[in-house]
Structures are given as structure tokens and as C-alpha cells.
Amino acid sequence: MASTAPPQNLPLSQAITIAAQAIGEVMSGRSLTHVLEELEPQERPIVQSITFDTFRRWTRSHALIKEFVPKPPSKPVEHVLAVAITLLLDRTDVAKKGYATHTIVNESVSACGQYDETIYAKGLMNAVLRKVSAALDAQGEKRPDHNSVGESYFPPWWIANLRKNYPKAWQSICLQQSQRPPLTLRVNRRAISLVDYAAVLQAAQIEAETIEQVAHTLLDAALVIKEPIPVASIPGFFDGLVSVQDAGAQLAATLLCPMTGERVLDMCAAPGGKAAHLLECADIDLVAIDVDRERLKRVSETFSRLKLSAVPGQVIECIAADAAELGWWNKKPFDKILIDAPCSASGIVSRHPDIPFLRRADDIADLQDRQRALLEAGWKALKEGGLLLYITCSIFPEEGNDQAEWFMAGHQNALRLDAPGQILPGHLHDGFYYALFKKNGP
């Protein structure tokens, strides 16, 4: 049986090796996003696909490792096994069109032979994968659902938080977060209309549909591609016609509603998606700040790709600084401020499945302190009558409504305006929290 996997330039054995090493990096505390950014362009797509699926199927693969490996293997071997078993599980996934069994076994054994720390396990790898394959084939239709809540890879403290705050919805949240997310685009309306870009996709035989609203908030630039494709294959992407952005994230610009001539601040701008959306909506003076100088470069790159840096009447300033310290501020107040605050990222696990492996329960208190510092600084920099939009990509109330209530209790000049509040992960969007405040006095 020939492999039905999509063609790629990187040999599968190398992809398995790199994916296993990337998993090891995550287990040592590094963000998978940062690890993937260090890979060569030809390596990144397949390695990302494999690592994402390995994390999503973590509990299932490790149950099989425990069943068929009498003595716990070394971590490097365990990670190769997890990747290989994930590929075996993917054989029945119609959307993935997985590799043939013999290809997975042979390439995984070859991957083991490429490094001193795993070469001793070539025989083990061959034997275990053949047993796992036979067991999966024997289970047939009775094979356990790897996305069931019982096999969730979320840590106990995470599950406890969800059960406490969403007693009727926590299971569906976990299930939704275990799915692959849709590929959602934001049309750059400075360059092309939504209708015209939809026609571009149709001409390229790419099926897409509009997303008219999320959490009762209208969207006017969102399209979801029914069969996800690589970014490089999206028509007009490198010409600045569209960006990849979750539908829930696209609410930010709609809620803040920038107007021509306004002075707008994005306090945590990297990688630049929300800031770019603000610039696409109106001719504004934008100050984009991020504490990470390297990530701030991506903001400028995003603006350049979308041709936003050359819009007449629009002033853009990118500043590498801690936005909460206000040492960067020239004392000229802003009309509108966006705070996309650092958080647990518990609402975007479907797009970043390494997050549950990186977060710890005691991270939340430190993140709360950071969020409050940004809120206080932003309020000082906001003009009277101005708007401040607080956002987290979290589904933990400690980072959402608890923070909004804390802020309101400490600021008598704050009027809370209508905003979606907590948005739980859904079929077409991630989980976010939105709170909008108006400054009603000095």
C-alpha cells in the first residue's frame, strides 16, 4: 500500500526526529511557537502538523506506550514513540490521509538510528509499533475516541478550574479544544472587498464561507476556508490581501471602532494581528508597543506585508518597551487603547496544543499582577472620554471577569460599556474575554 500522505520535501524520518526533539524542548519549558520559528522553512509545515497532533493525542499514545513497553523508555525514545503512534492513529483520519503502516514503522526506526541517544532503541521501536498497529487494527470500530474527555491531556488543576466555573460546559470545552481549528482569514478591506476576495478564492477553487458574527458581535471581514491549506497557498497573502486571524480575535477592532484621526495605543502588540486590523479600519495614529524587541519586528513585518506603513495620513510608531512602566509615554493621551494582555492562553489551545504542557497553576497569580499593571498604566494614558478595551485569550475567570470587576471597583471614573465578556471556544472561534471601559472623568 503506497503512502497517501501529502507530498513534502522533508523525509518522514527527519520530520519524526525533529518533531520528537521539539516535543522535548516543550517539556523543558519552551514554547512550541518559538521552537518552530527556529526551523528551516521546508521543515516547519510538516513538523508543526506532527507535533500538534502528537500533543492532541498525548494521553492516547502514552496509554499505548505504557501497555506495550514493559520498562519506561528514556525521554528521547518516548517522544519518538509518541510521534510514531500518533502517525499510526492518523491512518484512519480521512482529513489527514495518513501514511501507510509500513512507512510509519520503517521511518520511525530510521529516525531512531540517527542519534546516539535513541539508536539503541531501533529494535524496540520496530517491535512496539508493530504491536500497536496490530492492536489498533484489532479494535477496529471499537477504537477509543482520542478526543474523549476521559483521555484529555489537560492537567488536573486546569480541569478543576473548568469544572468549577463551567459545570455544565467543561466537557464540551475540553472536546472543542482538542479539535483542529478552522483556517480563518481577515480580508484587508483597504486592498479588496470581502465579496471580491471571496471571488478570488472561488476562482482558485478554494471553498470558503463568511462568518457574520461571534458572540452577537458583527464581523465584516472574516472568511473561513473549509479545507485548510498552507499559508503560502492562500491567494494574495503575500500581496497583503488577507491575514490569518481567528474570528474571535477579529472582534477587537470592531469593539474599539477606531475613527479617522484618532490616536490609538496597542500596549501588547506582537505579533501584530489586532494592530494591523485597527489600521485597516481607519486612518489613525497608532503606537504599537511590545516588551519583546524580536517579536516587535514581526509587527513591522506584518504592517509592511499589508502595505499599511505607506498609507497617507496614517502615522505608525513601534516601540520596544514595557508598556506598564510608562517611561516611553510622551504624556500625550490616547483616544483609544487596546490591552491584549499576557495570559494563560487557555482559550486558544486548539491552535497551540502545547499550552497545557507549559502552564502551571501558580502562573495565574503572576499573570493577574501583570494584567492589572497594564490596566493601571493604560488608564493613566487614556484621555477623558476615551475607550479602553481589555482582552485576554483565556477562559479562566481569574484573568477575565474577575479582573474587570477589580478594575471597576478601583476606578470611580470608569464606565463599563457593552462587550461580549467571556467567549467560550466554539466551532468557528477560540475562547476570549472582552471588557470595554469609558473614562468618564480625570
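The values are calculated or read from the model by the stated rules, or taken from the named source; none is laboratory data. As the structure is a prediction and not an experimental result, all values here were calculated from the model. Don't worry about glycine lacking a Cβ; one is built from the backbone with ideal geometry, like all the others, and counts go over all protein chains shown. Just so you know, the surface numbers come from the protein's heavy atoms only, side chains and all, with ligands and any DNA or RNA stripped out. Shrake-Rupley method; radii C 1.70, N 1.55, O 1.52, S 1.80 Å.
For the chain, what is the per residue volume of the convex hull drawn over the alpha-carbon atoms, in cubic angstrom?
In the chain, the Cα hull volume divided by residue count equals 150 Å³.
Along the positive direction of the dipole of the chain (beta-carbon charges: Lys, Arg +1; Asp, Glu -1; about the Cα centre), which of PRO73, THR392, GLY240 reaches farthest?
Looking along the dipole axis, the top candidate is PRO73.
I'd like the antiparallel share, as a percent to the nearest 5, of DSSP beta bridges with both residues in the chain.
Once the DSSP bridges in the chain are tallied, antiparallel ones form about 60 percent.
Under a 1.4 Å probe, what is the accessible area of the chain per residue, stated in Å²? Kindly include the intermediate steps, with their values, before the conclusion.
On the way: 19780 Å² over 442 residues.
With the other protein chains kept in place, the chain gives 45 Å² per residue.
If you average over every viewing direction, what projected area does the convex hull of the Cα atoms of segment 1-91 give, in nm²?
6.3 nm²
What three numbers, in Å, describe the spread of the alpha carbons of segment 390-442 along their principal axes, ordered from the longest?
Here the spans come out as 42, 19, 11 Å, largest first.
Measuring from label point to label point, each 7 Å out along Cα→Cβ, what is the ALA203 to MET259 span in nm?
Each label point is offset 7 Å from its Cα along the Cβ direction, giving 3.8 nm.
What is the dipole size for segment 325-377, taken about its Cα centre, with +1 at each Lys and Arg Cβ and -1 at each Asp and Glu Cβ, in debye to the nearest 20?
Using only the charged Cβ atoms, the result is roughly 200 debye.
Can you tell me the equivalent ellipsoid semi-axes for segment 306-381? Use √(5λ) from the Cα gyration tensor, largest first, whole Å. Mind showing how you got there, number by number?
On the way: eigenvalues 171, 76, 18 Å².
Semi-axis lengths for segment 306-381 are 29, 20, 10 Å.
For segment 211-300, taking Cα atoms only, what is the radius of gyration to one decimal and the Dmax to the nearest whole Å?
13.9, 40
Given the rule -39500 (n - 2.57) for each run of at least 4 DSSP H residues, summed and divided by the residues of the chain, what is its mean residue ellipticity at 222 nm, to the nearest 500 deg cm²/dmol?
-12500 deg cm²/dmol
Taking segment 331-442, how much of its Cα-Cα pair set, in percent, is spaced more than 24 angstrom apart? Could you put the intermediate results ahead of the total?
Numbers: 1587 of 6216 pairs.
The proportion of pairs with Cα distances above 24 Å equals 26 percent.
Just check segment 165-243 against the gyration tensor rule for me: Cα atoms, a ≥ b ≥ c as the square roots of the eigenvalues, rounded for a/c under 1.5, and otherwise prolate or oblate depending on whether a/b exceeds b/c.
Working: a/c = 2.77, a/b = 1.85, b/c = 1.50.
Since a/c reaches 1.5 and a/b is larger than b/c, the shape of segment 165-243 is classed as prolate.
Of all accessible surface on the chain at a 1.4 Å probe, what whole percent is carbon and sulfur?
That share works out to 53 percent.
What ranking, highest mean first, results for peptides 331-337, 313-319 when packing means the other Cβ atoms within 10 Å averaged over each residue?
In descending order of packing, they fall as 331-337, 313-319.
Taking the chain as a Gaussian network, where each spring joins two C-alpha atoms under 10 Å apart, which residue of VAL128, VAL195, VAL187 fluctuates the most?
Sorting by GNM fluctuation, first place goes to VAL195.
Exceeding 28 Å between C-alpha atoms, which entries from my cross-link table qualify? They are LYS307/LYS380; LYS75/LYS226; LYS75/LYS131; LYS307/LYS336. The partial results should precede the final answer.
On the way: LYS307/LYS380 32 Å; LYS75/LYS226 37 Å; LYS75/LYS131 20 Å; LYS307/LYS336 23 Å.
With Cα atoms farther than 28 Å apart: LYS307/LYS380; LYS75/LYS226.
Say the dipole of the chain comes from +1 at the beta carbon of Lys and Arg and -1 at that of Asp and Glu; which of ASN188, ILE85, ALA221 then lies farthest toward its positive end?
Going by the charge dipole, the pick is ILE85.
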